[in-house]
Each structure stands twice: as structure tokens, then as C-alpha cells.
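Before any comments, here is the structure.
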Amino acid sequence: MKYIKHLICLIGLLLTITPMSAEESEPLNISHVVLEHIKDSYEWHVTDIGERQIIIHLPVIVNSSTGWHVFCSSQFEHHPNADGYRMGPHNLAIATKGDHEGKIVELTPEGEKRPWDISITKTVANMFICAIILLLCILLPARWYRKHKPSDEAPKGFTGLIELLVMYVVDEIIKPGVGKGYEKYCPYLLTCFFFIFTCNIMGLIPFPPGGGNVTGNIAVTFFLALCTFIIVQFSGNKHYWKDIFWPDVPLALKAFPLIPAIEFVGIFTKPFALMIRLFANIMAGHAIAISLVCIIFLVSAKSIGVFLGMSGVSVIMSVFMSTLEVLVCFIQAMVFTMLSSIFIGLARTEPEHE
């Protein structure tokens, strides 16, 4: 998965490193390690070479009480001070504890407060990279189609692969889900599928430009679910709204609006399910992968037999999870697109007698 780079190093470690004694070893905080790899940041940590960290510093763009400020995240101190702040310019700092942990805050006489922050964080940078890759993957085949006629031989290679994916999503997911008039929803639904799939695949690459946790960020999945929610509501016909506010149930249930209330809540539970399903599956996959790697360091102070045995199990399970995650990348993109298609189709359903 995202941390395959660690596995390559671990194979060498198994051959060259002996377990540390209990006195030499330091306790490993797995939850801290996992969260550090999953959460967003203003820096893109690549790897460590000895005690030297290779970091890509990203641009910071904030609007504080003193106006707009644009600078590089390298201007923040690497280590926090006694108050838990990584100090930077313009009275700005990155909080390392409290309600704003990991976020840029402005330090004022009244205390810390959050400025308007539109910085290019690691997740945002990954989104831009995925968007560029996605554009290339679509525009290059489109260029082939502009130069050929429909009667020409079917494309091969990369263009043929993209055509295969597009036709599969349209014929097997969008068309059955949306139903009649599905064509106008194809651009949005195809964009959802390829964007999610691209972000997921890029998350498997353990080094820049990959290694991001885009769809494992709930803000990203929230926006995708919000787009589906808006399209569903604007696509709803009169029968859709009638079934919500005046369904075909006994009059007593309409007078005491239990069923309409349930149906109205269902408007919001559908996009909520989209958001949580994608976010939880991707985040859990990343967390499991790094947790399996941490097993080696947890048993480093044990006997050589336990160390080698558990390290072998960790490597095998990590490789298995990495392979499985390739399939999960496609499944999660397909499920999000399929559910969005079904929700749009349900909003456009006509009564049977019509």
C-alpha cells in the first residue's frame, strides 16, 4: 500500500539488525505513528536518511488579522517550544496540541485563533497531482478519437484500456442505475469514478508524487458526497418529492408525520453513507498497513526467534494487504459511482401506472 517503501527497508533490516535489548529499546506509540501517516500536514515527508529528514515544504497561504501572508512552511520551526507551538513568521504557528493540533494558528494577546487558511497542504498537493494525471489520461485518448472515425479499428494499448473502463462504467454502472436519460449524468459520474480511482491508486505509491491519503480525508469525501446530494435534489421529479412529503400510506401516518419525517431524514442519510463508506475504507486500509509494519518494531526487544518470526509474518501480511488494496481502489470507486447512480435514478423514477 502507501507504505511499501518501509517493506523494502525491512527486508534489509531482517538480515543486518539484531534485536535491541530492553534497556536500549524505546516504547513505540503505534497510534501516534499511524496518525502521523494518515493526517494532513503542511509538509510532505519523503523519507529519513540517518538523522536527516527529506521533506518537501509546501506553500502556506493564510489571512490573519494583519492581512494575507504567503510563505513556505519551512519557515516554521521544526521543534515545538514549551507551549507546544512550532513558531513561524507574522505571529503564526503550528499547534502541536489542543483543539487546533496540526493546524496553523495566530497567537494574539487574547490567545490562539484560527486564521482563514487556504494553504497547499499535502492532501491538496496530492489532489492537484491526481487531477493533472486524470486530465492526461482522458485528453490523450480524446486526441486519438479526434483523429479517427467511428468506423476505424478499435484503439489498442492505453487508449483501449481507457475506452474499456469508460464503457464498463457507463454500461454496467451508470445506465442501469440512472435509467432513461442517463447520458447527461455521465460526465459527473465518470469524473467521480476516475478521480476516486486515480487518487486511490496514487495513494499506493510510497513516494512523491504518490503516497497521499486523499480519499482517506473526510473533507474530500464530504465534498464528493455533497455534489451527489445537490445533483440528486435538483434531479428529483414531482413523484420523488411526493413520496417524501405525501407518501402512499394510511392517512393516520400522514397526519402524524412519522413516515414523511423518516423519508426526509433519508435525503441526508444517503450522501452521509457515501461520505463515510469511502472515507472509512481507505483510511482503515492505510492504518492497517502501517500497523502491520509497526509489529517489527514492537518485537525488536524480544528474542531473535520471536523477532524473525513476527517480522516475517509482518512482511507477508503487509504484502498481502498491499495487493488487496489494489482491488479495493477499484471497488471503492465503483461503489461510490454505483450508489450515486442509484440515488439519481431513484429521484427520477416515475409512478408505475405512468
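The values are calculated or read from the model by the stated rules, or taken from the named source; none is laboratory data. Because the structure is a prediction, the values reported are computed rather than measured. Ideal geometry is used to build each Cβ from the backbone, glycine not excepted, and the neighbour counts take in all protein chains shown. Surface areas here come from the heavy atoms of the whole protein model, side chains and all, with no ligands, DNA or RNA. Shrake-Rupley method; radii C 1.70, N 1.55, O 1.52, S 1.80 Å.
Determine whether Ile138 is on the phi < 0 side of the Ramachandran plot, assigned to a helix (DSSP H, G or I), β-branched (Val, Ile, Thr) and modelled with pLDDT under 90.
On the way: on the phi < 0 side of the Ramachandran plot: yes; assigned to a helix (DSSP H, G or I): yes; β-branched (Val, Ile, Thr): yes; modelled with pLDDT under 90: yes.
Against the criterion (on the phi < 0 side of the Ramachandran plot, assigned to a helix (DSSP H, G or I), β-branched (Val, Ile, Thr) and modelled with pLDDT under 90), Ile138 qualifies.
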Out of (1) of a type outside the set (A, V, I, L, M); (2) touching a Lys or Arg at 6+ places or on another chain (Cβ under 8 Å); (3) open to solvent by 20 Å² or more (accessible area, probe 1.4 Å), what's the single condition that is false for Gly212?
(3)
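Specify which of the listed residues (Ile162, Ile132) is among the β-branched types (Val, Ile, Thr), under 21 Å from the mean Cα position of the chain (by Cα) and assigned to a helix (DSSP H, G or I).
Details: Ile162 fails: under 21 Å from the mean Cα position of the chain (by Cα).
The conditions single out Ile132.
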Hey, Val62 hits all of (1) more than 29 Å from Leu204 (Cα to Cα); (2) open to solvent by 50 Å² or more (accessible area, probe 1.4 Å) but one; which does it fall short on?
(2)
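Determine, yes or no, whether Phe297 is in contact with a Pro (Cβ under 6 Å, 6 or more places away or on another chain) and modelled with pLDDT under 75.
Values: in contact with a Pro (Cβ under 6 Å, 6 or more places away or on another chain): no; modelled with pLDDT under 75: yes.
No; evaluated as a whole, the condition is false for this residue.
Kindly indicate which of Ala131, Ala154 is touching a residue at least 60 places away in the same chain (Cβ under 8 Å) and either open to solvent by less than 100 Å² (accessible area, probe 1.4 Å) or under 25 Å from Leu224 (Cα atoms) (or both).
Details: Ala154 fails: touching a residue at least 60 places away in the same chain (Cβ under 8 Å).
Ala131 is the lone residue from the list that is touching a residue at least 60 places away in the same chain (Cβ under 8 Å) and either open to solvent by less than 100 Å² (accessible area, probe 1.4 Å) or under 25 Å from Leu224 (Cα atoms) (or both).
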I'm checking my understanding of the structure. Among residues of the stretch 174-189 that are in contact (Cβ under 8 Å) with a residue 40 or more places away in the chain and within 22 Å of the chain's Cα centre (by Cα), which one is least open to solvent (accessible area, probe 1.4 Å)?
Leu189
Can you find a residue that is closer than 27 Å to Glu350 by Cβ and among the hydrophobic types (A, V, I, L, M, F, W, C) anywhere in the stretch 197-207?
no
When you check Ile173 against the structure, is it among the β-branched types (Val, Ile, Thr), part of a helix (DSSP H, G or I) and out of contact with any Gly (no Cβ under 7 Å at 6 or more places or on another chain), yes or no?
yes
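Is there a residue in the stretch 241-253 that is touching a Phe, Trp or Tyr at 6+ places or on another chain (Cβ under 7 Å) and either among the β-branched types (Val, Ile, Thr) or open to solvent by 70 Å² or more (accessible area, probe 1.4 Å) (or both)? Talk me through it step by step, then tell me what you get.
Of the stretch 241-253, the ones touching a Phe, Trp or Tyr at 6+ places or on another chain (Cβ under 7 Å) are 244.
Within this subset, residues satisfying the condition of being either among the β-branched types (Val, Ile, Thr) or open to solvent by 70 Å² or more (accessible area, probe 1.4 Å) (or both) are 244.
Among the residues of the stretch 241-253, at least one is touching a Phe, Trp or Tyr at 6+ places or on another chain (Cβ under 7 Å) and either among the β-branched types (Val, Ile, Thr) or open to solvent by 70 Å² or more (accessible area, probe 1.4 Å) (or both), which makes the answer yes.
With the condition kept exactly as written, say whether any residue in the stretch 103-119 is open to solvent by less than 60 Å² (accessible area, probe 1.4 Å) and closer than 21 Å to Ile54 by Cα. Show your work before the answer.
Taking the stretch 103-119 and keeping what is open to solvent by less than 60 Å² (accessible area, probe 1.4 Å), we get 104-108, 111, 115, 117, 119.
Adding the requirement that they be closer than 21 Å to Ile54 by Cα leaves 119.
Taking every residue of the stretch 103-119 in turn, at least one turns out to be open to solvent by less than 60 Å² (accessible area, probe 1.4 Å) and closer than 21 Å to Ile54 by Cα.
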